1. Taking the options 194, 213, name whichever one is more than 19 Å from the chain's Cα centre (by Cα) and either within 21 Å of residue 78 (Cα to Cα) or at pLDDT 95 or above (or both).
2. Name the residue that is least open to solvent (accessible area, probe 1.4 Å), counting only residues in the stretch 124-134 that are more than 8 Å from the ligand (Cβ to nearest atom) and within 22 Å of residue 16 (Cα to Cα).
3. Go through 11, 50 for me and flag whichever is buried (at least 17 other Cβ atoms within 10 Å of the Cβ), modelled with pLDDT of 95 or more, out of contact with any strand residue (DSSP E or B) (no Cβ under 6 Å at 6 or more places or on another chain) and under 20 Å from residue 196 (Cα atoms).
4. Determine whether the stretch 110-122 contains at least one residue that is surrounded by 17 or more Cβ atoms within 10 Å (Cβ to Cβ), among the charged types (D, E, K, R), away from the ligand (no atom under 14 Å from the Cβ) and more than 22 Å from residue 181 (Cβ to Cβ).
5. Across the stretch 67-91, what is the number of residues that are exposed (fewer than 13 other Cβ atoms within 10 Å of the Cβ) and among the aliphatic types (A, V, I, L, M)?
6. Output the residues belonging to the stretch 154-178 that are near the ligand (Cβ under 10 Å from one of its atoms) and either open to solvent by 10 Å² or more (accessible area, probe 1.4 Å) or β-branched (Val, Ile, Thr) (or both).
7. Report whether or not residue 94 is crowded, with 19+ Cβ neighbours inside 10 Å and either among the acidic types (Asp, Glu) or within 14 Å of the ligand (Cβ to nearest atom) (or both).
8. Any idea which residue in the stretch 30-44 is nearest to the ligand (Cβ to nearest atom), counting only those that are among the hydrophobic types (A, V, I, L, M, F, W, C) and surrounded by fewer than 20 Cβ atoms within 10 Å (Cβ to Cβ)?
Amino acid sequence: MQTAPMTPEQFEQALRDKGAYYHIYHPYHVAMHNGQATREQIQGWVANRFYYQVNIPLKDAAIMANCPDPDTRRKWVQRILDHDGYQGAEGGIEAWLRLGEAVGLKREELISHQHVLPGVRFAVDAYVNFARRTIWQEAACSSLTELFAPQIHQKRLDTWPGHYPWIEAEGYDYFRRRLNEARRDVEHGLTLAKTFCTTVERQQRMLEILQFKLDILWTMLDAMTMAYELHRKPYHSVTDKDAWHTTRLV
Ligand SMILES: O=C(O)c1cc(C(=O)O)c2c(n1)C(=O)C(=O)c1cc(C(=O)O)[nH]c1-2
């Protein structure tokens, strides 16, 4: 065990080094970027990721509910507005619904969560529940996988239109808007992390939390691989039906 804490710069570098485990390297994402994904795989990803999208504002509201600092809340509330929109401005959730339509899904299919696999649901719920239960500084910094997100959004913008001409162009708005939003979020998140994590214990725990968040993103894609690549959806050995639960129970 390290005895002296890392300097803020070293700690930031240690957080950035976690990018080696980002879901950009998951074979499911690699296939989507290389043009090897089927229509079913793209649609499955968009429908399942919608569950992540609608839960992000719940997660951010939980962080705010636990945060007594008005300055932080004033900044943090922007994340909720980014996704939910506000008068005169469409939010990210609406943009994702349009991505769904652009890949040939009906809005109702996304909104009903009928395609959301149990493994994806459990992973996303774990993120929201973590934010509800832990101290706000830790929950806030768990969003730092966004350090690596602009690269993945840019990669989709660069590769998908060429590989998948059947996807309608307006579907790409979501990825484009996240390029700047994620960079701004990361700036705030990194400042919080470096201010809060000044001891060895806090630094090590925050690195573990970032790994937990990386595990959530990776596990979501594992569930999608089983369903849309290996054709082993839950209960595949007993029925062709999507028998799993489709509503929020907790
Ligand atoms: O498409 C992606 O690969 C990706 C990844 C992540 C991430 O790294 O958590 C987010 C997003 N997108 C995203 O669009 C988004 O709004 C977002 C919010 C958060 C967060 O943890 O608060 N992560 C992400």
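The values are calculated or read from the model by the stated rules, or taken from the named source; none is laboratory data. For clarity, every value in this text was computed on a predicted model and none was experimentally measured. All Cβ positions, glycine included, derive from the backbone under ideal geometry; neighbour counts span all protein chains shown. Calculation scope for accessible area: heavy atoms of the full protein, side chains included, ligands and nucleic acids excluded. Shrake-Rupley method; radii C 1.70, N 1.55, O 1.52, S 1.80 Å.
1. Answer to the selection: 194.
2. 131
3. 11
4. Yes.
5. Of the residues in the stretch 67-91, 1 are exposed (fewer than 13 other Cβ atoms within 10 Å of the Cβ) and among the aliphatic types (A, V, I, L, M).
6. If the condition is that a residue be near the ligand (Cβ under 10 Å from one of its atoms) and either open to solvent by 10 Å² or more (accessible area, probe 1.4 Å) or β-branched (Val, Ile, Thr) (or both), then 155, 177, 178 are the ones that fit.
7. The answer is no for residue 94.
8. Of everything passing the filter in the stretch 30-44, 30 is nearest to the ligand (Cβ to nearest atom).
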